[in-house]
Amino acid sequence: MAAWLGWKIESNWTDPFLFTIYSIVKPLAAAMILVVMYGVITNNQFGSPVFAYLFIGNAFYQYVANVMVGVSWAIVDDREHYCTLKYLYVSPISIPYYLMGRGVARVLITTFSVFIIMVVGVAFLHIPFNPAQINWPLFVLSLVIGIIMLAMLGLLLAGVTLRMAQYSFNIGDSVAGALYLFSGAIFPLEVLPAFLRPLGYIMPISYWLELIRRSLVGGVAESFPTFAAISDVNLLLILAALSVLFGVVSVWAWKKFDWEARERGLLDQTNNY
Amino acid sequence: MPMLPPVSKRHTGWRLFLMTVIGRSYPRVVGMQRERSWIFFDTFLPMLSVAAYVFVYRAIKAPEDYVGFVVVGGAMMAYWMNVLWSMASQLYWEKETGNLALYIISPGSMMAILLGMALGGLFATTLRAVGIILLGSLLFQVHFVIASATQLILVFFLTMVSLYGLGMMTASLFLLLSREAWHISNLAQEPIFLISGFYFPIKNFPAWVPMVGSFIPLTLGMDAMRQLAFASGPSLGWISVNIEIMGLIVLSIMFLMGARLLLNYMERLAVREGRLTESRG
Amino acid sequence: MENHYAIETQSLGRVYKIRNPGKKENKTLTALEGVDLQIKPGELFGLLGPNGAGKTTLIKILTTLLAPTHGYASVAGYDVSKSPDDVRQRINMVSGGESSGYGLLTVRENLWMFAQFYGIESKEANQRIKTLLEIVGIADRANSRSSNLSTGLRQKMNIVRGFLTDPEILFLDEPTLGLDVGASRDVRSFIRRWMDDDPKRTLLLTTHYMIEADELCDRVAIINKGKVLACGTPASLKQSLQKDAIFHIDLDSPKVLVESVFSILPGVTSVKIHDNENKTIMDLVLDEESALANVIATVTSQGAQIVTLQKREPTLEDVFVKLVGQRMEEVEHADAPAS
């Protein structure tokens, strides 16, 4: 029921105009920024594994930006824009399930936009694509685990957002921007200064993106040393273990922040100045 | 004895205009000081995202000046976000809280209210942008080579005038679009980051792209700033700085006049159709 | 100045177009129709009517926020459509339940900000803010963030905002909406004092509380469905019912009594029956007292018993019932939410 309500709110996006904006124009423009950056420097060497690495990483990073941020953004949206958060709280629905419901809609929409970006990449930018060589079981399994992991991270962020009532406008986007840096999405972790690399190694997103790359374009992933020593199965296990760990932390944090937010009366705070 | 004496003096004309500007900019300047968490969220976190693009350049072995372009682009992005979210869509939120009606019935001009919002936002954002530039330059050892400080300051000033002029103009437009405005602001993020060249020189685009992009003052402003602040800048510039300065002057005049015209139009239309007060009214 | 009225309207009307996506013809809603009002400087004028009667629409027109579709309105002698800037220099407005200002600013800062928009020097503004906050009893909250105020305190801040600029003509739209009894009383007594202080001040107040109109206003216009039905001093409005006999009867009735049974009796002008807790209450307006005997006989024949019977003075509520045929509460319940 709670999830259904969340879904109904997000699926306002079935408006064709809005769908085009959020699922095609915005993500494609973001991808094109990287394409232009790469093209300017390498004189349009789009056949290189470096390009496929960053293009695929960026495409699938859409899930991070949309699912994780979407789940937490619901808090800001409901509190500041619709001012309905307090009413949700006094209604019998469960807030985490409601947030997850909003996440489900995001997953479907994001899947579409990732598909569009990949089609553009394959059609115009020499991204290698051979259905016979794709490891479909690995791809599907990784995708599912990854999405659940992202939803849990979203819950963590939702808790933080709830608690930091005074300033929540850009927090989701900012965190997504930060993780973009530490999860090997658009460059291998080796490019980071050595002291920052451990952050990438503890983020489940790094393993998830690696698994996605391996399942789709095995050859590209092999060109980068980051996780070369780890087998597919081990990568999957690491991803699963980290997902469970972050899941537990998220649920604990949500409960704690939720309680604190109620205690401090932050549920109906708005800051429009 | 009366409980309250009459008001002894009411300023009108330019004094009232100035007072209105200061009055409306106050909440933005003070609001920010009151919530120090912006230092983290609006400087440190955008810095991480700037860093992501810096490392992409490092990963593909780009010349070091490109790292500087990203840092400057990141700082300029703070202004763009401020204009989008705290100028363009602001009148819509003001309407929802009931402030807009009170602004309109006050003798202070709406143009002054918009200008106050712009100056308050500009001040608050400048602190963020300076933070990003300082932090970015230190972390990534950006090497600036200033060709002409005067021109650089002039370009920055004109970019801000025209940028916030654009924000003032779109505020009226967005008010009439109501909720759709939120989506249009969203639409004006990534595509604008792309065509305005926040992270790379726009010279590499086919000429029509920067021409279309020049409607956003940051396109010309950043291209000129790159030319004036980096060693390799002049060779990567789209058109000459002087032409860009002229362009920014034209944009400034156009947007500020447009802001005034649209504001009047919006007020007339909204008064006729009853759209000035909150939706529940 | 062309006339000597503080506020004047002639055949004022407002029709809203309701956008009807998908259909060619837009629906229209008449919010105000043929309103003629003349309010003199120094008057405290009340607009009394149920929610959705058109009170807020009238205020919006007079405060230059909405253009009339018909007729003419002037405030302080200036046409609201043609000279809005002249009007704005002389007015202010406070609405019940408004959430104006910025939550991050303190009460004092919010008020100071609005004073700036009226060209009042900071020093004088701060002095006035201090005095006014003391008068309404929230001086101790001057440095609290306005987001931390309760509804009642916030409304007091809004009231201060309206009075701070010392407008020639002040519009108060349901100023006590949502306030508790004590806070409402404070606000009403403050309004009265402010009016008594300077005979040139004019105040237009809308309300759907009878007591507010009755206690506070020099003159009252009763408004329903966009039309002014009557206008006069509360006393004169009530006097129009003076020749009628008004009774309030508490009944103990085993079954539901139907109004139509009583309204057809000779001499009965209006009858309203409603339940209150365990009692049935009948409010009766009769042409003459002699008609009462018939009513009592009918009550008894219905198996009900009279617990108390009071003859009472007419109230504005009775005036409203006589004009509209329903109590204000019933009108509000019958209509869709106010637009």
- Cα-Cα separations in segment C:184-295 greater than 18 Å, expressed as whole percent: 65
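Quick check on packing: order B:230-243, C:304-317 by the mean number of other C-beta atoms within 10 Å, highest mean leading. Don't skip to the end; give the middle numbers.
Numbers: B:230-243: 17.4, C:304-317: 14.5.
Taking the mean over residues of other Cβ atoms within 10 Å, the ranking is B:230-243, C:304-317.
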- If only Cα atoms are counted, what is the Rg of segment B:18-171, and what is its Dmax, in Å? 17.7, 59
- Item | Spatial separation of Cα centroids for segment B:26-51 and segment B:164-207, in angstrom | 21
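Is any helix in chain B, taking whole DSSP H runs, at least 20 angstrom long along its axis by alpha carbon and on average at least 0.0 on the Kyte-Doolittle scale, and which ones? Write out the running numbers ahead of the final one.
Values: long enough: B:13-34 (32 Å, 0.15); B:45-59 (21 Å, 1.39); B:65-83 (27 Å, 1.13); B:110-140 (43 Å, 1.99); B:149-177 (41 Å, 1.91); B:241-273 (45 Å, 1.13).
Those that pass (Cα extent of 20 Å or more, hydropathy at least 0.0) are B:13-34, B:45-59, B:65-83, B:110-140, B:149-177, B:241-273.
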- Message: For a 28 Å ceiling on Cα separation, which of these pairs sit above it: C:K60/C:K123; C:K27/C:K60; A:K26/B:K203; B:K95/C:K322?
- Response: C:K60/C:K123; B:K95/C:K322
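What number in nm² do you get for segment C:233-296 if you take the convex hull of its Cα atoms and divide its surface by four? Please report the intermediate quantities before stating the final value.
Values: hull surface 19.5 nm².
So the Cα hull casts an average projection of 4.9 nm².
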- Cα-Cα over 32 Å: which of B:K9/C:K40; C:K156/C:K272; C:K40/C:K225? C:K156/C:K272
- Would you rank B:T20, C:T56, B:T150 by solvent-accessible area, highest first, keeping every protein chain in place and using a 1.4 Å probe? B:T150, C:T56, B:T20
- Query: HN-Hα J couplings of segment C:307-312 from phi, Karplus 6.51/-1.76/1.60, θ = phi - 60°, integer Hz, Gly and Pro as x?
  - Reply: 8, 9, 9, 10, 8, 9
- Message: At 1.4 Å probe size, put C:I39, B:I253, C:I273 in order of accessible surface, largest to smallest.
- Response: B:I253, C:I273, C:I39
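Viscosity 0.692 mPa s, temperature 37 °C: give me the Stokes-Einstein translational D for chain C in µm²/s, with Rh taken as the Kirkwood radius over C-alpha pairs. All intermediate terms of the calculation are to be shown ahead of the outcome.
Working: Rh = 22.2 Å.
Answer, rounded: 148 µm²/s.
Under 8 Å for C-alpha pairs, at least 6 residues apart: give me the relative contact order for chain B, rounded to a whole percent.
On the way: 340 pairs, mean separation 73.4, N = 281.
Value for chain B: 26 percent.
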- segment C:58-70 - phi-based ³J(HN,Hα) in whole Hz, Karplus 6.51/-1.76/1.60, Gly and Pro as x: 4, 4, 4, 5, 5, 9, 6, 8, 9, 8, x, 8, 9
- Unit Cα scatterers, Debye sum, segment A:91-200: log10 I(q)/I(0) for q = 0.14, 0.17, 0.21, 0.22 Å⁻¹: -0.84, -1.15, -1.37, -1.39
- Once the piece of chain linking B:Y265 and B:A147 is laid out straight, how much longer is it, given 0.36 nm per residue of separation minus the C-alpha distance between them? 38.1 nm
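Could you work out the relative contact order of chain C, using alpha carbon pairs under 8 angstrom and six or more residues apart, expressed as a whole percent?
On the way: 643 pairs, mean separation 64.3, N = 339.
Relative contact order comes out at 19 percent.
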- Using the reciprocal of the averaged 1/r over all distinct C-alpha pairs, how large is the Kirkwood radius of segment B:37-269 in Å? 18.3
- When the helix-only estimate is applied to chain B (DSSP H runs of n ≥ 4, each -39,500 (n - 2.57), divided by the residue count), what is the mean residue ellipticity at 222 nm, nearest 500 deg cm²/dmol? -23500 deg cm²/dmol
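Averaged over its residues, how many other protein chain Cβ atoms are within 10 Å of peptide B:7-17's Cβ atoms? Display every interim value, and only then the final one.
Details: counts 12, 4, 4, 8, 5, 2, 1, 0, 2, 6, 1.
Per-residue shielding by partner chains comes out at 4.
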- Message: What does the extension gain come out to for A:R262 and A:A132, with contour length at 0.36 nm per residue minus their alpha carbon separation?
- Response: 41.4 nm
- Between C:H333 and C:K27, take the C-beta separation as r, use R0 = 30 Å, and let me know the FRET efficiency to the nearest 0.05. 0.85
- Message: Which three extents, in angstrom, do the Cα atoms of the protein assembly as shown have along their principal axes, listed largest first?
- Response: 106, 65, 55
- Taking every Cα atom in segment A:2-264, find the radius of gyration and the maximum pairwise distance Dmax, and write them in Å. 18.7, 58
- Using a 10 Å cut-off on Cβ to Cβ distances, tally the other chain neighbours for every residue of C:93-105 and report the average as a whole number. 6
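Over segment A:2-264, what is the mean sequence separation of C-alpha contacts under 8 Å (at least six apart), divided by residue count, expressed as relative contact order in percent?
Value for segment A:2-264: 27 percent.
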- In peptide A:30-42, what is the residue-averaged number of other protein chain Cβ atoms found within 10 Å of each Cβ? 6
- Cα-based Rg (one decimal) and Dmax (whole number) for segment C:66-210, in Å? 15.4, 47
- Quick calc, C:A293 & C:V15: beta-carbon distance into FRET formula, R0 51 Å, rounding 0.05, result 0.55
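The values are calculated or read from the model by the stated rules, or taken from the named source; none is laboratory data. Just so we're clear, the structure is a prediction, and the values are computed from it rather than from any experiment. Methodologically, a virtual Cβ is constructed for each residue, glycine included, from the backbone with ideal geometry; neighbour enumeration extends over all protein chains shown. Protein only, heavy atoms only, side chains kept; ligands, DNA and RNA dropped before computing areas. Shrake-Rupley method; radii C 1.70, N 1.55, O 1.52, S 1.80 Å.
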